[in-house]
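Worksheet: the structure to be examined is printed underneath.
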Amino acid sequence: SLVFEEIRILQSMSHPNVLKFHEALLSDRNCYIVTELCLGGNLDDRIKRGPPMSNTEIAGILMQLIEGMKYLRQIQAVHRDLKPANIFFGERVKIADFGLARFYS
């Protein structure tokens, strides 16, 4: 199923700009994916509700996103749903939500 594929992809990744997977908990009706906590919210909320970002701040975010995307390319994975709502702020910028992600060759 798609959930198990997402878990498989998350388990295989380890990069400072990719949301860290801890474990998956299964019940009869649900699957709970436990990841690191990002208290800074997501980029979508920051764009809509936060104060305007400086060019320096935007450049820093983009550099971290590029590093995360470069890592995905190295492990031959494609996110397929990269958007501001799937970019979170913790200690660093984190790419999240790998529900549509796939490995390629």
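The values are calculated or read from the model by the stated rules, or taken from the named source; none is laboratory data. Because the structure is predicted, anything quoted here is derived from the model rather than measured. So basically every Cβ, Gly included, is an ideal-geometry build from the backbone, and we count neighbours across all protein chains shown. For accessibility, only protein heavy atoms count, side chains too; no ligands or nucleic acids. Shrake-Rupley method; radii C 1.70, N 1.55, O 1.52, S 1.80 Å.
Checked against the criterion of being in contact (Cβ under 8 Å) with a residue 40 or more places away in the chain, over 16 Å from residue 77 (Cα atoms), in contact with a Pro (Cβ under 7 Å, 6 or more places away or on another chain) and hydrophobic (A, V, I, L, M, F, W, C), the candidates 39, 43 yield just one match: 43. For the structure I just gave you, tell me whether residue 82 is in contact with a His (Cβ under 9 Å, 6 or more places away or on another chain), open to solvent by 70 Å² or more (accessible area, probe 1.4 Å) and under 21 Å from residue 20 (Cβ atoms). The answer is no for residue 82. Of all residues in the stretch 46-72, those being under 13 Å from residue 17 (Cα atoms) and without any contact (Cβ under 8 Å) to a residue 40 or more places away in the chain number 7. Among the residues making up the stretch 42-54, those that are touching a helix residue (DSSP H, G or I) at 6+ places or on another chain (Cβ under 7 Å), part of a helix (DSSP H, G or I) and within 14 Å of residue 96 (Cβ to Cβ) are 43, 44.
Report whether or not residue 3 is touching a strand residue (DSSP E or B) at 6+ places or on another chain (Cβ under 6 Å), open to solvent by less than 40 Å² (accessible area, probe 1.4 Å) and under 20 Å from residue 77 (Cα atoms). In short, no. Does residue 27 meet the test of being open to solvent by 70 Å² or more (accessible area, probe 1.4 Å), over 15 Å from residue 91 (Cα atoms), among the hydroxyl-bearing types (Ser, Thr, Tyr) and without any contact (Cβ under 8 Å) to a residue 60 or more places away in the chain? Here the answer is no, as residue 27 does not meet what is asked. Between 8, 29, the distinction of being at pLDDT below 95 and part of a helix (DSSP H, G or I) belongs to 8 only.
Yes/no matrix, rows are residues, columns are (1) over 14 Å from residue 13 (Cα atoms); (2) outside any helix (DSSP H, G or I); (3) open to solvent by 30 Å² or more (accessible area, probe 1.4 Å):
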{"site": "37", "(1), (2), (3)": "yes, yes, yes"}
{"site": "40", "(1), (2), (3)": "yes, yes, yes"}
{"site": "56", "(1), (2), (3)": "yes, no, yes"}
{"site": "63", "(1), (2), (3)": "yes, no, yes"}
{"site": "70", "(1), (2), (3)": "no, no, yes"}
{"site": "100", "(1), (2), (3)": "yes, yes, yes"}
{"site": "105", "(1), (2), (3)": "yes, yes, yes"}
